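Just below is one structure, and these are the notes that go with it.
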Amino acid sequence: MNALQLVRLMQLASPTLPVGAYSYSQGLEWAVDSGTVRDAPTAQRWIGDLLAHVHAHGEAAVLYRLCVLARDEDWQRFAHWHTWFRASRETAELEAETRQMGGALARLLRDLAALDDAAATAVEHCAPIMLPGAFALAARAFGLMPDEVVTAYLWSWMENQVLAAMKTVPLGQVAGQRMLLSLGEAIPVAVASARDCADGDLTSFAPGLALASARHETQYSRLFRS
């Protein structure tokens with residue numbers, strides 16, 4: 001990776017990326033409300049379990065494939081895995097989140113003139129575009145490698161989860177940084193799992209997350225959209 005590619009990767013992972021990631025907790029807010037998450041150790045376990053048991057063999061594995069397929073311009077298989085990911089969203093909140101963020105990122109890429117004709121056609125063909133699909137097209141536009149892109153994607157997700165925990169538990173800044181320091185060590189393992197996961201081993205089976213997300217839809221008082 002050269003210096004410019006590193007800059008582009010940091011831009012994609014930045015909390016200033018205008019896709020609205022800060023407004024989602026992915027069920028964490030309900031876990032706090034129910035008492036499942038009540039302090040820094042339980043928040044770290046919740047986030048770490050999602051990384052290891054949900055994202056590594058699901059969302060991250062799909063993103064890795066989409067990055068490779070977009071780079072190779074294999075748009076038929078790109079559409080297949082994009083459809084698989086959308087179908088794997090188990091609640092209305094989770095589907096709306098990835099659709100809204102993916103659409104925002106696709107619009108940003110168009111505004112930045114970062115989509116060539118092939119990528120723009122892929123956006124239309126896959127409409128509504130989900131976040132992993134839009135992220136893979138951004139990676140193609142910036143010439144980024146799949147391992148690097150999945151690393152940035154997981155870091156961005158993890159950072160938002162820690163911020164959600166800090167707001168809802170609540171936790172202090174130092175506690176949040178301790179969590180990121182510890183949880184960050186698991187990202188390379190998750191990236192390797194996403195890369196090496198066979199097609200038949202991809203899974204979205206996460207009943208705890210689905211229940212938390214579904215119950216969050218009717219939670220009496222909440223800060224986050226999902």
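Every number in this text was worked out from the coordinates using simple rules, so none of it is lab data. This structure is a prediction, so every number in the text was calculated from the model and none was measured. No Cβ is skipped: glycine too gets one built from the backbone with ideal geometry, and neighbour counts run over all protein chains shown.
Okay, here's what the table says:
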| item | result |
| --- | --- |
| Filter result for residue 224 (part of a loop (DSSP other than H, G, I, E, B), surrounded by 19 or more Cβ atoms within 10 Å (Cβ to Cβ) and of a type in the set (Phe, Trp, Tyr)) | yes |
| Hits in the range 64-73 - residues which are touching a residue at least 12 places away in the same chain (Cβ under 8 Å) and over 15 Å from residue 188 (Cα atoms) | 65, 66, 67, 68, 69, 70, 71, 73 |
| The range 165-207, residues that are in contact (Cβ under 8 Å) with a residue 24 or more places away in the chain and of a type in the set (Gly, Ala, Ser) | 165, 175, 182, 184, 186, 190, 193, 194, 204, 206 |
| Odd one out for residue 68 among (1) in a helix (DSSP H, G or I); (2) aliphatic (A, V, I, L, M); (3) under 16 Å from the mean Cα position of the chain (by Cα) | (3) |
| Residue in the range 90-98 that is more than 26 Å from residue 118 (Cα to Cα), acidic (Asp, Glu) and under 18 Å from the mean Cα position of the chain (by Cα) present | yes |
| Selection within the range 187-221 - in a helix (DSSP H, G or I), small (Gly, Ala, Ser), out of contact with any Leu (no Cβ under 6 Å at 6 or more places or on another chain) and surrounded by 12 or more Cβ atoms within 10 Å (Cβ to Cβ) | 192, 193, 194, 208, 210, 212, 214 |
| Test set (1) within 30 Å of residue 218 (Cα to Cα); (2) touching a helix residue (DSSP H, G or I) at 6+ places or on another chain (Cβ under 7 Å); (3) in contact (Cβ under 8 Å) with a residue 60 or more places away in the chain; (4) assigned to a helix (DSSP H, G or I) - residue 98 fails condition number | (3) |
| Check on residue 144, over 18 Å from residue 54 (Cβ atoms), part of a loop (DSSP other than H, G, I, E, B) and either in contact (Cβ under 8 Å) with a residue 24 or more places away in the chain or in contact with a Pro (Cβ under 8 Å, 6 or more places away or on another chain) (or both) | yes |
| Which listed residue, of 110, 77, is closer than 26 Å to residue 195 by Cβ and without any contact (Cβ under 8 Å) to a residue 24 or more places away in the chain | 77 |
